[in-house]
Amino acid sequence: RRAGGRTMVERASKFVLVVAGSVCFMLILYQYAGPGLSLGAPGGRAPPDDLDLFPTPDPHYEKKYYFPVRELERSLRFDMKGDDVIVFLHIQKTGGTTFGRHLVQNVRLEVPCDCRPGQKKCTCYRPNRRETWLFSRFSTGWSCGLHADWTELTNCVPGVLDRRDSAALRTPRKFYYITLLRDPVSRYLSEWRHVQRGATWKTSLHMCDGRTPTPEELPPCYEGTDWSGCTLQEFMDCPYNLANNRQVRMLADLSLVGCYNLSFIPEGKRAQLLLESAKKNLRGMAFFGLTEFQRKTQYLFERTFNLKFIRPFMQYNSTRAGGVEVDEDTIRRIEELNDLDMQLYDYAKDLFQQRYQYKRQLERREQRLRSREERLLHRAKEALPREDADEPGRVPTEDYMSHIIEKW
């Protein structure tokens, strides 16, 4: 009995060892093979929200914010022959003039924009009727005011286009807002140099809640016709300078904070509301680009709207702002004055990079699938039995088949 008992114990021990070994083997196998498997989805494909967007780390980019796939996916069905309109929100000194020219002169279109020498505006009609598909400085002019912001454009554009194209009132239009952002310090210095040369933008309307700001709400920073010759220190010292946090102000819904009435809500709460509104509107835009990444901007625009540019974008690193020599204390002062823009740009840069990575990831995946299908198709053709065409009578010819049919 004792011998029999030992035998049973030994068998049980061996069984436990075999089971434990199998479990360990399966765990090791899953560790190596598991990451390549797509589990829990039909067809072996992982659900979109679980995509690994960064399989190969980019040494020049560090992910900071989490964005769901719906914020990264920007493949739109822009219908130029329908009622869709691209609206370009042009922020000062972000490279918007160059980008605006790309839109009217460099897009491969069925009916190109008509840009004539000596005229500031081009005619950009749809291929099937005389209606514009583009609302921008170089197509419709400053129809909503000089450098109109998000608050102005969203309230103004529909009415302007209704008056221009009265025949288009049969169906509502779909507006796709786009813009460009730029590093806040570079943009600020570029605006100072522009103002120093005599620019004012004093014809801007700044419409909000149906009215323009009063002189008390928006005092001027200078006396006389312009601010030409101002020093950088003078430019920074004006508390009413709209160059401060310009990008946040132009992208936010100003009606949330009482427009230009600074006493409407406390300063801290106002700043936070403006920043969050600007982020929200930026996310909701069909497209935005970054001045510092021209080729990536071109890449994302083309794949967002399914439009192609004729010539590639050029990256100009030697700008007027780049030629300004400022010390570290001045840079820190500019960053403080543009703290909201600094936060917005950091957020926008991360979203921009993630959208770019996402598009590249999808394209690489589609290319791998196409290559795999082509290889499988090629192997399938090679596996088919080959008829020996040299043997007479093996393959019926057309004449032979015709002869049979005629006999029937």
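The values are calculated or read from the model by the stated rules, or taken from the named source; none is laboratory data. Everything numeric in this text was worked out from a predicted model, so none of it was measured. Cβ placement follows ideal geometry from the backbone for every residue including glycine, while neighbour counts extend to all protein chains displayed. Calculation scope for accessible area: heavy atoms of the full protein, side chains included, ligands and nucleic acids excluded. Shrake-Rupley method; radii C 1.70, N 1.55, O 1.52, S 1.80 Å.
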Summed over the other residues with a beta carbon less than 15 angstrom from that of residue 371, with K and R at +1 and D and E at -1, the charge totals +3
So between residue 110 and residue 365, what do we pick up on full extension, going 0.36 nm a residue minus the alpha carbon distance? 88.8 nm
Put a dot 7 Å past each Cα toward the Cβ at residue 212 and residue 120; how far apart are the dots in nm? 1.7
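Rounded to a whole number, what is D in µm²/s for segment 207-299 from Stokes-Einstein with the Kirkwood radius over alpha-carbon pairs (37 °C, 0.692 mPa s)? Mind showing how you got there, number by number?
Working: Rh = 15.5 Å.
For the chosen part, D equals 211 µm²/s.
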Of 121/269; 120/359; 93/308; 63/202, which pairs sit farther than 32 Å apart, going by alpha carbon to alpha carbon? 121/269; 120/359; 63/202
With an 8 Å cut-off on Cα pairs and a minimum separation of 6 or more residues, tell me the relative contact order of segment 235-367 in percent. 28
Rank these by accessible area, largest first, 1.4 Å probe: 221, 230. 221, 230
For segment 256-339, shape from the Cα gyration tensor axes a ≥ b ≥ c, cut at a/c of 1.5 then a/b versus b/c, turns out oblate
Over the Cα atoms of segment 77-366, what Rg and Dmax result, in angstrom? 19.4, 61
Two-site FRET efficiency, residue 71 against residue 263, from Cβ-Cβ distance with R₀ of 35 Å, rounded to 0.05: 0.50
What is the extension gain from residue 81 to residue 346, computed as 0.36 nm multiplied by their sequence separation minus the C-alpha to C-alpha distance, in nm to one decimal? 91.7 nm
Using θ = phi - 60° and the Karplus curve 6.51 cos²θ - 1.76 cosθ + 1.60, what whole-Hz ³J(HN,Hα) does each residue of segment 244-254 get, with Gly and Pro shown as x? 5, 6, 4, 5, 5, 4, 7, 9, 8, 7, 5
Full extension from residue 129 to residue 237: what is 0.36 nm times the residue separation minus their Cα-Cα distance, to one decimal in nm? 33.7 nm
FRET E, pair residue 306, residue 171, Förster distance 22 Å, beta-carbon r, rounded to 0.05: 0.55
Under a crude label model (7 Å from the Cα following the beta-carbon direction), how far is residue 202 from residue 378 in nanometres? 7.0
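Which whole-number percentage describes the relative contact order of segment 77-366, with Cα contacts under 8 Å and a sequence gap of 6 or more?
22
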Points 7 angstrom from Cα along the Cβ direction at residue 226 and residue 332: gap in nanometres? 3.4
Over segment 101-222, one equal point on each Cα, no solvent: what is log10 I(q)/I(0) by the Debye formula at q = 0.14, 0.15 Å⁻¹? -0.80, -0.90
Rg over Rh of segment 114-178, using C-alpha atoms and the Kirkwood radius, what does it come to? 0.95
